[in-house]
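Please treat every number below as a calculation from the coordinates, not as lab data. These numbers were taken from a predicted model, which means no experiment stands behind them. Cβ placement follows ideal geometry from the backbone for every residue including glycine, while neighbour counts extend to all protein chains displayed.
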Amino acid sequence: MNEILFETLPRRGRGKRLIKKLIWKAAGSVALGGLYPGKIHDGWLRVERHDMPLRNLGKGFEGARLAHISDLHSSPIVLDRYLRQCVEAINRMDVEFVAITGDFITGTRFYARRVAAVLKDLNPRIATLACLGNHDYGIFHPAGRGDKHGLSEYVSEQLWQADVFLMLNESRIFRRDGSCLQFVGLEDYWSSRYDPTLAFDSVRRQVPTVGLVHNPDGAVDVAARGADWVLSGHTHGTAPKSSFYNLVMPHHRDFYAGRYSLGQDKHLYVNRGIAYGRRRNINSRPEITLFTLKGHS
Ligand SMILES: [Fe+2]
Ligand SMILES: [Fe+2]
């Protein structure tokens, strides 16, 4: 690294860019070569355990378990080998549902095929459900800049082929032993296709409902429309205005990590994401959230 610094003595303005690039490079290599070993070790990937109280939950789903992951960011930085270990960890939990709240890839269609091949090995008892994140459309800004034509369609196709029930402004209902449980998934909040009205069109009001929306900025609205729980990601555990990135991105970040109350019997959980390398912040460990569903009247 020193060699490069001395080799390219900066002109005005170039120095800052070079130093920034080198810092990112160093952070990436530390995460890849240092913090991320060949095999996940205890403490690297945190399993956060929470109850998920749901009104009117029938006995058929009492005690059912749901593993929530987010922000996989399959890319040259986040390797298959790591994601496969995460899938194996989830399979060992023996859950009824897996919920994935978007940002499957960073980059090209190649990574969509790659991440789908990994996710195909998920083995929940009932289903894997998902919504897309901004990166799955190639969008890197709230104004929708960088939209790559056809990328989200390709990602969606790959996920469906991998037996992931991807919900694009739609809902799915599951029945077990006479009980019902409903999931609603939304297209990304930054995309032009985010349509909560369409998503809740066929939702049944009395059935306990879990909403999946990648960006927690949509959570209040999704809860108001009928979701008892909203699951999100996107923030990577970043607190509001804690980084330069947040200062230049004109979006709200009232919710950034963990559990929040959205009113009586309404809850939001923001997952810190599962990826590593440049996709992480210091002191923000990758996370699998393990929920246990509990009924209450
Ligand atoms: Fe993300
Ligand atoms: Fe995101």
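The table below gives the values:
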item	result
Amide hydrogen neighbours beyond the local backbone of CYS180, cut-off 5 Å, H modeled	GLY58
Chymotrypsin sites (Phe, Trp or Tyr not before Pro) within the stretch 79-186, DSSP loop, no more than 13 other Cβ atoms inside 10 Å	none
Point-to-point label distance, ALA239-ASP80, nm (Cα→Cβ direction, 7 Å offset)	3.9 nm
Residues whose placed amide H lies under 5 Å from that of LEU54, excluding near-sequence neighbours	LYS294, GLY295, HIS296
Contour excess over end-to-end distance, with Cα ends at ARG55 and ARG92 and 0.36 nm allotted per residue	10.5 nm
Average Cα contact separation per residue, the stretch 68-201, under 8 Å, 6 or more apart, as relative contact order %	21 percent
In nm, spacing of pseudo-spin labels at SER261 and TRP160 (7 Å Cα→C-beta vector)	4.2 nm
Loop sites in the stretch 61-124: GluC sites (Glu not before Pro), DSSP, at most 15 other Cβ within 10 Å	GLU62
HN-Hα J in Hz across the stretch 218-231 - Karplus 6.51, -1.76, 1.60, θ = phi - 60°, x for Gly and Pro	x, 5, 4, 5, 5, 5, 4, 7, x, 7, 7, 10, 10, 10
3J(HN,Hα) from dihedral phi, the stretch 108-118, Karplus parametrisation 6.51/-1.76/1.60, rounded to Hz, x for glycine, proline	9, 4, 3, 6, 5, 5, 5, 5, 5, 5, 6
Within straight-line cross-link reach of LYS148, aspartates and glutamates at Cα separation under 16 Å, skipping those fewer than 8 residues along the same chain	ASP103, ASP136, GLU157, GLU187, ASP188
Long-range HN-HN contacts of LEU262 with modeled amide H, under 5 Å	HIS267, LEU268
Karplus-derived HN-Hα couplings along the stretch 257-265 (A = 6.51, B = -1.76, C = 1.60, θ = phi - 60°), whole Hz, x at Gly and Pro	6, x, 9, 9, 8, 10, x, 4, 6
